[in-house]
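Here's the structure we're looking at; comments come further down.
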Amino acid sequence: MKKYDVTALGELLIDFTENGVSGQGNPLFEANPGGAPCNVLAMLTKLGHKTAFIGKVGDDFFGKQLKEAIEEVGIDSTGLCMDKEIHTGADMMLKESEVKEELIKESKLFHFGTLSMTHEDVRKATKKAIQIAEEAGDIISFDPNLREPLWNSLD
């Protein structure tokens, strides 16, 4: 029996959404937790599934807000790396050595998307995670949401 139903790897970020207009007529924005892999986990957790997240944020105001948000929903955050050297939103900085193998091995399903393949370090981390998932017999789920501007080359 595995501990988690789903472990996801990928981006955890702040989506700034318009939330009215200031007294001076300027748009106001609200900082909302986002990122496709964590959105999937949040919904699965609300449906009663046990979930875990692997990713990286800055050890800054937004990173702390995001960590609290996923923990509040019930997502296991032990795979979330917080880095003092980067700003939140730099999820492509996750390294192979930061992938928490036990989360993947203890999961029934491993989920990832295209954003974790856009830069070399996080691509290596993702490929390592996929290999761990395959060896553990996990079902592998992939979100093919291709955002062309984020890739240096579509090859």
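The values are calculated or read from the model by the stated rules, or taken from the named source; none is laboratory data. Because the structure is a prediction, the values reported are computed rather than measured. Cβ sites come from the backbone with ideal geometry, for glycine too, and all protein chains shown count toward neighbours. Surface accessibility is based on the protein's heavy atoms, side chains included, excluding ligands, DNA and RNA. Shrake-Rupley method; radii C 1.70, N 1.55, O 1.52, S 1.80 Å.
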Roughly how tilted is helix 61-73, in degrees to the nearest 10 and between 0 and 90, from the longest Cα axis of the chain?
60
Count charges around VAL40 for me, please; just the other residues with Cβ under 12 Å from its Cβ, Lys/Arg as +1, Asp/Glu as -1.
-2
Please find, in a Gaussian network model of the chain (springs between Cα atoms separated by less than 10 Å), the residue of VAL99, VAL122, VAL21 whose mean-square fluctuation is greatest.
VAL21
Treating only Lys and Arg (+1) and Asp and Glu (-1) as charged, each at its beta carbon, one finds that the chain has a dipole about its Cα centre, in Debye to the nearest 20, of 340
On a 0 to 90 degree scale, rounded to 10, what angle separates helix 120-136 from the longest Cα axis of the chain?
40
If you count only protein heavy atoms with a 1.4 Å probe, what accessible area per residue comes out for the chain, rounded to a whole Å²?
55
Counting only pairs 8 or more residues apart or on different chains, how many lysine pairs in the stretch 1-118 have their Cα atoms under 12 Å apart?
13
Convert each backbone phi in the stretch 17-26 into a coupling constant with the Karplus relation 6.51 cos²θ - 1.76 cosθ + 1.60 (shift: θ = phi - 60°), then list the ³J(HN,Hα) values in order as whole Hz, x for Gly and Pro.
10, 5, 9, x, 9, 6, x, 8, x, 8
Comparing ASP76, ASP15, ASP91, which has the greatest mean-square fluctuation in the GNM of the chain with Cα pairs linked when under 10 Å apart?
ASP15
Kirkwood hydrodynamic radius of the stretch 13-155, Cα pairs, Å
16.2
Once amide hydrogens are built 1.01 Å from N within the peptide plane, the residues lying 5 or more places from GLY35 or on another chain with amide H under 5 Å from its amide H are LEU13
Between the stretch 119-135 and the stretch 42-115, what is the separation of their alpha carbon centroids in Å?
15
Enter the angle in degrees (range 0 to 90, nearest 10) between the Cα long axis of helix 36-46 and the first principal axis of the Cα atoms of the chain, meaning the one along which they spread out most.
80
